[in-house]
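Trainee: Please see the structure below; I have some questions.
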C-alpha cells in the first residue's frame, strides 16, 4: 500500500471518528449538526497537519458520500448493516461497525434527504472509500473493501467508474 493511500485511509478513519464524537455531543437536531461535524473533522485534519486543505476536501467528500450511501441503505433495509457491508460480521472490527452505526443512526433523517447525492457522485478510481463492495460499471467486476482504501482501476477491464452494490442489486 502506498504512503499516500495509507495517509488517506488513516485520515478517512480519523475523520469518521471525529464526526462520530462531534455528533455524540450535539443535540438531536441532525441536519445542522451533520454539516458542522463533517466540517469540524475536515478542519481538524488540516489544523493537525494530517492533510493539506485539498486532501481534506477530497477525504471529506468521500466520507460524506459513504455515510450518505449507508443512510440510504438503512432507510431501505432497516438495520441490516451486515448486508450493506456485504461482509461476514465476524470479519469486521466491532469498533468500526459501532462507529458507522452511531453516525448513521444519529443522522438518518438528514441523510434520507440527501442520499441521492451519493448515487450522482459515484465512486471513481483514485478516491478513498470505506468498507463494502463496489461494482465496475463497465464489466460488472466486484471490488471488496474489507477496510478503508483507495479505489483502484477495475482489475478485469481497467475501467474507473463504480457503484456500491448491495445483496439486492
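Every number here is computed from the coordinates shown, using simple stated rules; none is lab data. Please read these numbers as outputs of a predicted model, since none were measured by experiment. Glycine gets a Cβ as well: all are built from the backbone with ideal geometry, and neighbour counts include every protein chain shown.
Trainee: Label-point separation (nm) for residue 43 and residue 61, each offset 7 Å from Cα along Cα-to-Cβ?
Mentor: Each label point lies 7 Å from its Cα, and together they span 2.1 nm.
Trainee: Using a 10 Å cut-off on Cβ atoms, rank the peptides 135-142, 9-16 from the highest mean neighbour count down. Please list the in-between numbers first.
Mentor: Details: 135-142: 14.8, 9-16: 20.8.
Listed from highest to lowest mean packing, they are 9-16, 135-142.
Trainee: Multiply the residue gap between residue 147 and residue 53 by 0.36 nm, knock off their C-alpha separation, and tell me the result in nm, one decimal place.
Mentor: On the way: separation 94, 0.36 × 94 = 33.84 nm, distance 2.39 nm.
Full extension from residue 147 to residue 53 adds 31.4 nm.
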